[in-house]
Amino acid sequence: MKKKLWSMSFNSATLVLIPAAIGINYLGKLFAGLLKLPLWLDSIGTCIAAVLAGPIVGAICGAANNIIYGLTMDPISTIYALTNIGIGIAVGILAHKGFMKNIKGAILTGLVVGVVAVIISTPLNIIFWGGTTGNIWGDALYAWCASQGMPVWISSGLDELVVDVPDKLAVVLIVFAIMKGLPKNLVSLFHSDEEIENLDHTDELK
Amino acid sequence: MASLNIEHLKYKYPGTDRLALNDISLSIETGEFIGIIGRNESGKSSLCQAIAGLIPNFYKGAYGGKVLIDDIEVKKVPVDELCETVGTVFQNPFNQVTGAKATVYEEIAFGLENMGVPKEEMIRRIDRAMELLDISKYRDRYPFDLSGGQMQRMAIAGVIAMHPQVIILDEPTSQLDPQGREEVFQAVQKLCGQGITIILVEHNMEKIAQYSNRVALLDAGTLIDFDTPQKIFSRVDLEQYGVEAPVYTQIGKRLNLTIEDTGCYPVTLEEAKTVLLRKGGNDPVWL
Amino acid sequence: MKTISLYVDKGTMLNKIAPESKIWYVIAAITIPALMGTRWAGIVLIAVSAALLLYGKVLKRTLPLLAVSGFVLLTVLIIQGMFWWGNETPLFALGPAVFYREGVNYALGILINIINILMSFCVLILTTKPSDMMENFVRRGFSPRFGYVFISVFQIIPQMTETMSTITDAQRSRGMETEGSLAVRIKAFIPLIAPVIMSSLINTKERALALEVRGFNSRKKKTFLNDEVKTAGDRYIQIALPVLIIAAAVWRVTQWLA
């Protein structure tokens, strides 16, 4: 993987990856809901895009994902684009550093991404919702912390943490499994800065 | 005047060691209908994509030799400029729907909008393309609601509207049901004789024999033969390349019936009829 | 036509004015109450949005969107009403649960803010065709390639959902359990979603190729088959709304200084 980490040149394959990734996010969320799983699983696509095409594309996926949710299902989710941008960047960087190559690295990535999500989401939760998340377990913890007189950022942070860290860990492990199964030649499509090698002997003499 | 010239074309996909195209040279005249045959992974799609400039400009990898259309060297022209010279239709019609347009009419406009074609000209070209592909009646339908055959004809219309000199159809019917296949072949037949050079990759040898002026037989990235369908399908070693000759040729081979002036076996129903009639006077030979 | 867009053409003025004007309205509706710092501004804007939605014949379609956040808003009211830090004065009690005046008041502020954001968004998204909005952006210089990426999502999601339901049916008919204990349900998730993920990733190649041969990366100036969505009044709306936002900011500053 010799792709430049912060490359801003996007080839067509990379651009087409973005809507596919957003679709995958949506399906993850849909199925987690249908199977009544206690997780969101709505960032699988963003993480796949970040692993395949780097942090910038991951960030774009995250942002576009929430803007489109905002325009179609839940306007408030638009603001959480910030969280998904953070997730995309974190996964992109860690994958580039080789963390997604083995299961240990993937678990570590999942934990880091979970913490990143908590750090970004908590202030947003406090500004827009007064600190709760709408998740029953998280909010129960919030209520308990609040009744113990803990400051709002701790209660809210813990509320987000108990939901986000397991969720992101599951997401990254799913992404890890999917990456293992992808054909190798597909992966090279998303590297925009590769050069064309010359097979003409006449040109070599020049 | 040859319109399409391929000179010593070699190509390796990134991260592979095998030459997907190994020193291919051939030339094609304007308006010819060329069939490309060979087993899976023999280099048919790679050859198509090299003519369309997608190899090497989309895939990168290692490249040698030249593909020239008139005097344009495709490697040196970005794909987005080349698409007004060479048009490509792919296997899966579903993947060719842009997903950004609400009607068939708008869908066909996609390429023209990108190329900056003025609106009046755009409307003229779309109407003409829809007529040619016989999809005018689906004008206001939602692209994803079409059947496979209709969708594939819409994809061809989108490519034809760009007015290319060469159009490549890479297994355009392999994902379709029998009815969809027939629809697409009828559309392809209509395209013949429009003065466009057509290159068709197809597993149905009857169709290849029916339409092609010449056929390129590929195996393991090398060009085994490039000749008339009669010559190609009369080869005794055909099965070695994973190709089964058209049923008329097989009958000809079994019955040892050849066309008099070329010594080849018949490849189409018409030819088979002629040969049989000649052999048996006015009555078919078996009477 | 299958799309996740919530747009419906009701033929009202709201469908005809430029999408940019409606975006300015959303920005104004969110920033003006924030700048002025009074709840009344939020309440007035909720009323304005409701009037616009009624005029646009889409007020009823606003309800499902409000319902999405409704549940969360309810939990906000309960949790803050009972546990907010500043809670002192009991307001009422439901059995053992005591709600306090301060917490309920705080939650009410959140409620007004969220409902205002939701309703102003609805003015935009229920009356605007996403592709019209994006085409207008591209006309103003937004990248057509990214415009495509954005618009295609609206159609790709329903297509993927369809593929998904085919797979779900197939897996169920092969005897996969999708109900039962948590472990069973977790086990079901991967075989259900992995095939769609794989195929959509593999399809990106052909999709990208098909776009490239239709001039997707063209550097020529793009032309448009459809005419621009705009009216004569748009110019004035797009001046008036920014002026109102500035006025709100000025008002706030003078309040500070006074």
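Please state the shape class of the stretch A:33-101: rounded when a/c is under 1.5, otherwise prolate if a/b exceeds b/c and oblate if not, all from the C-alpha gyration tensor. Because a/c hits 1.5 or more and a/b fails to exceed b/c, the stretch A:33-101 counts as oblate. Note on the protein assembly as shown: with charges restricted to the Cβ of Lys and Arg (+1) and Asp and Glu (-1), its dipole about the Cα centre is near 1780 debye.
Measuring nothing but alpha carbons in chain A and taking Rh as the Kirkwood radius, the Rg to Rh ratio lands at 1.07.
Could you tell me which of C:Gln171, C:Ile202, C:Ile46 has its Cα farthest along the dipole of chain C towards the positive end, charges placed at Cβ (Lys, Arg +1; Asp, Glu -1), taken about the Cα centre? Most positive-ward Cα: C:Ile202. Report note on the peptides C:136-149, A:86-99: ranked by the mean count of other C-beta atoms within 10 Å, highest first, their order is A:86-99, C:136-149. With the charge dipole of the protein assembly as shown set up from +1 on Lys and Arg Cβ and -1 on Asp and Glu Cβ about the Cα centre, the Cα lying farthest toward the positive end among the listed residues A:Leu189, C:Leu14, B:Val243 is that of C:Leu14.
Report the Rg/Rh value for the stretch B:2-245, based on alpha-carbon coordinates and the Kirkwood definition of Rh.
Numbers: Rg = 17.6 Å, Rh = 18.3 Å.
Reported Rg/Rh (Cα atoms, Kirkwood Rh): 0.96.
For chain C, modelled as a Gaussian network with Cα springs under 10 Å, which listed residue fluctuates most, C:Asp234, C:Asp132, C:Asp169? In this elastic network of chain C, the residue with the biggest mean-square fluctuation among C:Asp234, C:Asp132, C:Asp169 is C:Asp169.
The amide H of B:Leu21, built 1.01 Å from its N in the peptide plane, has B:Tyr11 as neighbours under 5 Å, considering only residues 5 or more places off or on other chains. Shielding by partners for peptide C:165-175, expressed as the average number of C-beta atoms from other protein chains within 10 Å of each residue's C-beta, is 0. Using alpha-carbon pairs under 8 Å, 6+ residues apart, how would you state the relative contact order of the stretch B:2-245 in percent? Rounded, it is 27 percent for the stretch B:2-245.
Give me the net charge for the shell around C:Phe121: Cβ to Cβ below 11 angstrom, other residues only, Lys and Arg +1, Asp and Glu -1. Walk me through the numbers before you get to the answer.
Numbers: positive: C:Lys22; negative: A:Asp74.
It works out to a net charge of 0.
Sorted fewest first by neighbouring Cβ atoms within 10 angstrom, C:Glu162, B:Glu113 come out as C:Glu162, B:Glu113. Based on the alpha-carbon gyration tensor of the stretch C:134-258 and its eigenvalue square roots a ≥ b ≥ c, which shape applies: rounded if a/c is under 1.5, prolate if not and a/b is larger than b/c, or oblate? Verdict is oblate for the stretch C:134-258. Taking amide H atoms as placed 1.01 Å from N in the peptide plane, the amide H of B:Ile224 lies under 5 Å from those of B:Leu217, B:Leu218, B:Asp219, each 5 or more residues away in sequence or on another chain. Only helices enter this figure: runs of n ≥ 4 DSSP H residues, each worth -39500 (n - 2.57), summed and divided by the residues of the protein assembly as shown, yield -18500 deg cm²/dmol at 222 nm to the nearest 500. Each residue of the stretch C:228-242 was assigned a 3J(HN,Hα) from its phi angle through the Karplus curve 6.51 cos²θ - 1.76 cosθ + 1.60 (θ = phi - 60°); the sequence is 5, 7, 6, 10, 5, x, 4, 4, 6, 4, 6, 9, 4, 5, x Hz, with glycine and proline shown as x. For A:Ile127 and C:Glu177, a Förster radius of 51 Å and the Cβ-Cβ distance give a FRET efficiency of 0.75, rounded to the nearest 0.05.
Our summary of shape: the Cα atoms of the stretch C:86-147 have principal axis extents of 58, 21, 15 Å, ordered from largest down, in whole angstrom. Values of log10 I(q)/I(0) for the stretch B:1-111 across q = 0.13, 0.15, 0.19, 0.22 Å⁻¹ run -0.56, -0.72, -1.07, -1.29, by the Debye formula with one identical scatterer at each alpha carbon and no solvent.
Dividing the convex hull volume of the alpha-carbon atoms in the protein assembly as shown by its residue count gives 210 Å³ per residue.
Put in line by how crowded their Cβ is, counting other Cβ atoms within 10 Å and starting with the fewest, B:Glu106, C:Glu135 read B:Glu106, C:Glu135. FRET efficiency for the pair C:Glu228 and C:Leu108, taken as 1/(1 + (r/R0)^6) with r the Cβ-Cβ distance and R0 = 45 Å, rounds to 0.60.
If you place +1 on the Cβ of every Lys and Arg and -1 on the Cβ of every Asp and Glu, how big does the dipole about the Cα centre of the stretch B:1-90 come out, in debye to the nearest 20?
On the way: 9 positive and 12 negative charges, 104 e Å.
The calculated dipole for the stretch B:1-90 is roughly 500 debye.
Based only on other Cβ atoms within 10 Å, what is the fewest-to-most ordering of B:Ser46, C:Ser21?
Listed from fewest to most nearby Cβ atoms, that is C:Ser21, B:Ser46.
Our coupling estimate for the stretch B:118-123, obtained by passing each phi through the Karplus curve with A = 6.51, B = -1.76, C = 1.60 and θ = phi - 60°, is x, 4, 4, 4, 4, 4 Hz, Gly and Pro reported as x. Taken about its Cα centre, chain B carries a charge dipole of about 260 debye when Lys and Arg each add +1 at the Cβ and Asp and Glu each add -1 at the Cβ. Working from Cα pairs under 8 Å separated by at least six residues, relative contact order for the stretch C:8-122 is 31 percent.
Computed on chain C, the Cα convex hull volume stands at 217 Å³ per residue. The H on the amide N of B:Leu200, modeled in the peptide plane, is under 5 Å from the matching H of B:Ile34, B:Gly35, B:Ile36, B:Leu169, each at least 5 residues off or on a different chain.
If you fit an axis through the alpha-carbon atoms of helix B:269-279 and take the longest principal axis of the Cα set of chain B, what angle between them do you get, 0 to 90°, nearest 10? Compared with the principal axis, the helix lies near 20 degrees. Peptide C:124-134 is shielded by partner chain Cβ atoms: per residue, an average of 2 of them sit within 10 Å of its Cβ. In order along the stretch A:139-149, the Karplus-derived 3J(HN,Hα) couplings, from 6.51 cos²θ - 1.76 cosθ + 1.60 at θ = phi - 60°, round to 5, 5, 4, 4, 4, 5, 4, 4, 5, 7, x Hz, and Gly and Pro are given as x. Test of understanding: in a Gaussian network model of chain B with alpha carbons linked when under 10 Å, which of B:Ile72, B:Ile34, B:Ile24 would top the mean-square fluctuation ranking? Checking each option, the largest mean-square fluctuation is seen for B:Ile72. Residues of the stretch C:175-194 with an amide N closer than 18 Å to a point placed 7 Å from the Cα of A:Ala140 along the Cα-to-Cβ direction: C:182-183.
Cα-Cα over 25 Å: which of B:Lys12/B:Lys66; A:Lys4/B:Lys66; A:Lys180/C:Lys205; A:Lys36/A:Lys97?
On the way: B:Lys12/B:Lys66 14 Å; A:Lys4/B:Lys66 30 Å; A:Lys180/C:Lys205 18 Å; A:Lys36/A:Lys97 35 Å.
Over 25 Å Cα-Cα: A:Lys4/B:Lys66; A:Lys36/A:Lys97.
For the stretch A:12-191, the relative contact order comes to 21 percent (Cα pairs under 8 Å, sequence separation of at least 6). Of A:Ile76, A:Ile119, A:Ile174, the residue with the greatest mean-square motion in the GNM of chain A, using alpha carbon springs below 10 Å, is A:Ile76.
At 10 °C and 1.306 mPa s, what whole-number value in µm²/s does Stokes-Einstein give for the translational diffusion of the stretch C:143-212, with Rh from the Kirkwood sum over Cα pairs? Before the final figure, lay out each step's value.
Details: Rh = 14.0 Å.
Estimated via Stokes-Einstein, D reaches 113 µm²/s.
The angle between the Cα long axis of helix A:55-72 and the longest principal axis of the Cα atoms of chain A comes to about 50 degrees, rounded to the nearest 10.
Every number in this text was worked out from the coordinates using simple rules, so none of it is lab data. No experiment lies behind these values; they were computed from the predicted model shown. As a convention, Cβ positions derive from the backbone with ideal geometry for all residues, glycine included, and neighbour counts pool all protein chains shown.
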